[in-house]
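**Q** What follows is a single structure, and I will ask about it in a moment.
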Amino acid sequence: MKFISYIIPAASVAFICGAILPGCSNDKKNTCGNLPEEVKPVAIAILNDSPSEFASVVSYPVERPYPLKNVEDSAEMVKYYPTLVDDTIRKAVEEAPDSAWQQIGWRGWTLGDGSYFWIDSGKIYEVTYVSEREHIMLDSLQNVEIATLDPSLQAGWTPVACVKDTESGEIFRIDTQDATNPPIYRLAGYSSEESLSGQPSIVLYGTLDLEGSMGNRFFRFSDDDGTTAEYSPDMVSDEEEPEIEIDRKGTSHRYKAKPDYWLDHIKTMAAHHKKHSAVNNADSVKSQKMIVRHDSTKSIKK
């Protein structure tokens, strides 16, 4: 599984010490000097500041830091483009000489040592850059999400991920307390019958390890009773889903861990509660009216 960063070409044709450094000219945004063909479409799309062009040179889905939602297709990218592609990226592409674009082994092409994105076969497959607007959105969503948890689970924690078991409907969330060194990670699991604002059925604490040349993520958790859990969101094929494996005293169970969004479940719960309350209120009003009518009838008969 490859990860993305940000792309885009070079500066205008310039003379430095008598040498010509070809790049992407602002006056001719459809030409990018001697840029490699693999990166040229990306650079042109950014210099043209075209959401549709940019959307066409991206491999989907594009993963964004949780709890931001991933960009699932080109239609979503066209809408998300102003949030993702800002002046910092455009400036990096405009001012970069051709030599700033690098091909790094199997990871493909990148600009700025992977600070923006990664490109393979002419398309961005991973965006490592987080724009200023995204940072603002992240801060807001993280605060809102943590505030929905049981009060005992809130202080000092930041959301990392949410997944749902596609078979049982159980929901798991991972949070981090990164004020510690190394950071502490927490896995909390909720059965389909449990309130997400209450105490989870399982709480484990652990670490995150990055392994292999791709830096695959491995979360490992445990408690004092000997229960352990492992979860890696990266080591799967396109046909498979990642799994959370929980071992309780030698009995192991695997949960299909489909990436999900905690706040979507909170909204669904709130809507269900509102609808349920409205029905109860309507029934209560109806009952009161029936009582009034009954009392009125008895009074008339007298």
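**Q** In vacuo Debye scattering of region 148-262, one point per C-alpha: log10 I(q)/I(0) at q = 0.20, 0.24 Å⁻¹?
**A** Log10 of I(q)/I(0), two decimals: -1.20, -1.63.
**Q** OK, next. So which of LYS164/LYS267; LYS164/LYS249; LYS69/LYS164; LYS69/LYS258 end up more than 21 Å apart, counting from Cα to Cα?
**A** Over 21 Å Cα-Cα: LYS164/LYS249.
**Q** Could you give the length gained by full extension between ASN181 and SER152, i.e. 0.36 nm per residue of separation minus their alpha carbon distance, to one decimal place?
**A** Residue separation times 0.36 nm, minus the Cα-Cα distance, leaves 8.3 nm.
**Q** If you don't mind, another one. Expressed in nm to one decimal, what extension gain is obtained for the pair SER74 and ASP264 from 0.36 nm per residue of sequence separation less their Cα-Cα distance?
**A** On the way: separation 190, 0.36 × 190 = 68.40 nm, distance 2.22 nm.
Fully extending the segment from SER74 to ASP264 adds 66.2 nm.
**Q** Moving on to the next point. Gain in length, GLU194 to GLU132, computed as 0.36 nm per residue apart minus the alpha-carbon separation, to one decimal in nm?
**A** Once the chain is fully extended between GLU194 and GLU132, it gains 18.7 nm.
Readers should treat all values here as calculations from the given coordinates under stated rules, not as data from a laboratory. Since the model is a prediction, treat every value here as computed from it, not as a measurement.
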